[in-house]
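Asks: Got a structure for you, questions after.
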Amino acid sequence: MKRDETKKIQIGSVLIGGGSPVAIQSMTNTRTEDVSATVEQILKLESAGCEIVRCAVPTMEAAHALAHIKRHIHIPLVADIHFDYRLAIGAIENGADKIRINPGNIGGKDRVRAVTDKAKEYHVPIRVGVNSGSLEKQLLEKYGGVTAQGLVESAMDKVHMIEQMGYEEIVVSIKSSDVMMCVKAHELIAEQCPYPLHVGITESGTLLSGNIKSSVGLGIILNEGIGDTIRVSLTGSPIEEIKSARLILKTLGLRKGGIEVVSCPTCGRTKIDLIGLANEVEHMVADFPLDIKVAVMGCVVNGPGEAREADIGIAGGIGEGLLIKRGEVVKKVREEELLETLRQELVHWDE
Ligand code: SF4
């Protein structure tokens, strides 16, 4: 179902589905057993805008660590479990707000039932996750390899298994590193699944390729009204994942707030270090709680005109630049003072 119609599910203090705002998730890359390192990373993720965080739970020590981690953080904690159903039970008993399992790889129906019963007892939602790398043999044979139809059938089989065990606090994720297959799979599953969908492009790569694949894939899926939580998977810092996720949601009009920086591509007229300046501006505005557009333009010839769409902007010249407000030049500033002048304007910004 589309995001306005999916079942509302409570994950700790955050509601997802049923028209709730699309929630941003990330996953820690510290050892979960290392409580202080994991807490430190989660607090940084919170500051960046992460709303739900997932930790790998590969050992019982990690499951026990969740209870200690939870005492220091302020967002829901999801335990990521593979293979060992006892870790899922341990994670729930230690306060996980949601567990992510692939019911196909934790050792049979009885074990899925044991996890489901524990989740029911603690009112902890289960995220059923399948991905293209773990598709069952019979589905690979049925569909002649990994296909969107096979992914959806695999996910829905598991959803039905948990429903038959009398539990409906379910979130579903289907992932593939093939972007267009992932899009197709989400379109198909949205037609038959009443539960919230967590959307991400898996193994999407390093910063550049990961951002591009995630933007294209998540952009199409979210724009079709599908998807209740997202993760931008990057081979890099999880903080970068949050920045990218926020920008994707903002670009799609699914989030308000935060300063949007637009900057020109530079050309033969550029006489200042615009690339450096644009990066400095982007960094500087990150903490301002304003919902405005800031333009950083390379020259005074076209800059003011091109910055007309923005609330405020700066345009470079030779040794000096212009401060522009809604297309009107308001003052000339020495080049080295452009950044600080803009910062002062933002500090004293009055809508
Ligand atoms: S604003 Fe000026 S420097 Fe930037 S691309 Fe346009 S003409 Fe070139």
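A quick yes/no check of all residues on (1) in contact with a strand residue (DSSP E or B) (Cβ under 8 Å, 6 or more places away or on another chain); (2) more than 16 Å from the ligand (Cβ to nearest atom); (3) of a type in the set (D, E, K, R):
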site	(1), (2), (3)
Gln192	no, yes, no
Leu218	yes, yes, no
Thr235	no, yes, no
Asn279	no, no, no
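Asks: Name the residues in region 284-317 that are within 11 Å of the ligand (Cβ to nearest atom), among the hydrophobic types (A, V, I, L, M, F, W, C) and loosely packed, with under 15 Cβ neighbours inside 10 Å, would you?
Replies: Once the filter is applied, which keeps residues that are within 11 Å of the ligand (Cβ to nearest atom), among the hydrophobic types (A, V, I, L, M, F, W, C) and loosely packed, with under 15 Cβ neighbours inside 10 Å, region 284-317 yields only Val301.
Asks: Moving to a separate point now. Is there a residue being out of contact with any Lys or Arg (no Cβ under 7 Å at 6 or more places or on another chain), within 30 Å of Pro21 (Cα to Cα) and at pLDDT 90 or above anywhere in region 326-341?
Replies: Within region 326-341 (the criterion being out of contact with any Lys or Arg (no Cβ under 7 Å at 6 or more places or on another chain), within 30 Å of Pro21 (Cα to Cα) and at pLDDT 90 or above), the answer is no, since none of the residues qualifies.
Asks: Pairs needed: first member in region 11-27, modelled with pLDDT of 95 or more; second member anywhere, among the aromatic types (Phe, Trp, Tyr) and surrounded by 23 or more Cβ atoms within 10 Å (Cβ to Cβ); C-beta distance under 8 Å; at least 6 residues apart or different chains.
Replies: Gly17/Tyr195
Asks: Continuing with the same structure: Residues that are within 30 Å of Ser204 (Cα to Cα), away from the ligand (no atom under 16 Å from the Cβ) and of a type in the set (Gly, Ala, Ser): does region 260-276 have at least one?
Replies: Within region 260-276, not a single residue is within 30 Å of Ser204 (Cα to Cα), away from the ligand (no atom under 16 Å from the Cβ) and of a type in the set (Gly, Ala, Ser).
Asks: Sort out which residues of region 313-332 are farther than 15 Å from Leu274 by Cα and touching a helix residue (DSSP H, G or I) at 6+ places or on another chain (Cβ under 6 Å), and write them in order of number. Explain how you work it out, then say what you get.
Replies: Of region 313-332, the ones farther than 15 Å from Leu274 by Cα are 324-332.
Answer for region 313-332, where residues must be farther than 15 Å from Leu274 by Cα and touching a helix residue (DSSP H, G or I) at 6+ places or on another chain (Cβ under 6 Å): Ile324, Val329.
Asks: Which one is surrounded by the most Cβ atoms within 10 Å (Cβ to Cβ) among residues in region 79-99 that are over 20 Å from the mean Cα position of the chain (by Cα) and closer than 14 Å to Ile11 by Cβ?
Replies: Keep residues of region 79-99 that are over 20 Å from the mean Cα position of the chain (by Cα), which gives 82-95.
So of that shortlist, the ones also closer than 14 Å to Ile11 by Cβ come out as 91-92, 95.
Details: Ala91: 33, Ile92: 25, Gly95: 18.
Top of the filtered list is Ala91.
Asks: Here are some residues: Val232, Val281. Which one is over 30 Å from Val39 (Cβ atoms) and surrounded by 21 or more Cβ atoms within 10 Å (Cβ to Cβ)?
Replies: Values: Val232 fails: over 30 Å from Val39 (Cβ atoms).
Being over 30 Å from Val39 (Cβ atoms) and surrounded by 21 or more Cβ atoms within 10 Å (Cβ to Cβ) holds for just one of Val232, Val281, which is Val281.
Asks: Collect the residues in region 302-314 that are within 14 Å of Glu345 (Cβ to Cβ) and modelled with pLDDT of 80 or more, keeping them in residue-number order.
Replies: First pass over region 302-314, keeping only residues within 14 Å of Glu345 (Cβ to Cβ): 307, 310-314.
The answer is Ala310, Asp311, Ile312, Gly313, Ile314.
Asks: For Ile242, are the conditions met, namely being part of a helix (DSSP H, G or I), of a type outside the set (D, E, K, R) and out of contact with any Pro (no Cβ under 9 Å at 6 or more places or on another chain)? Give the steps one after another, and end with the answer.
Replies: Details: part of a helix (DSSP H, G or I): yes; of a type outside the set (D, E, K, R): yes; out of contact with any Pro (no Cβ under 9 Å at 6 or more places or on another chain): yes.
Yes: the conditions hold for Ile242.
Asks: Continuing with the same structure: Within region 318-346, track down each residue that is surrounded by fewer than 19 Cβ atoms within 10 Å (Cβ to Cβ), in contact (Cβ under 8 Å) with a residue 40 or more places away in the chain and farther than 14 Å from Val261 by Cα.
Replies: If the condition is that a residue be surrounded by fewer than 19 Cβ atoms within 10 Å (Cβ to Cβ), in contact (Cβ under 8 Å) with a residue 40 or more places away in the chain and farther than 14 Å from Val261 by Cα, then Ile318, Glu335 are the ones that fit.
Asks: Just wondering, is there one or more residues in region 254-273 that are buried (at least 21 other Cβ atoms within 10 Å of the Cβ) and part of a helix (DSSP H, G or I)?
Replies: No, the conditions are met nowhere in region 254-273.
The values are calculated or read from the model by the stated rules, or taken from the named source; none is laboratory data. Every value quoted in this text rests on a predicted model; they were computed, and no experiment measured them. Counting neighbours? That spans all protein chains shown, and the Cβs are built from the backbone with ideal geometry, glycine included.
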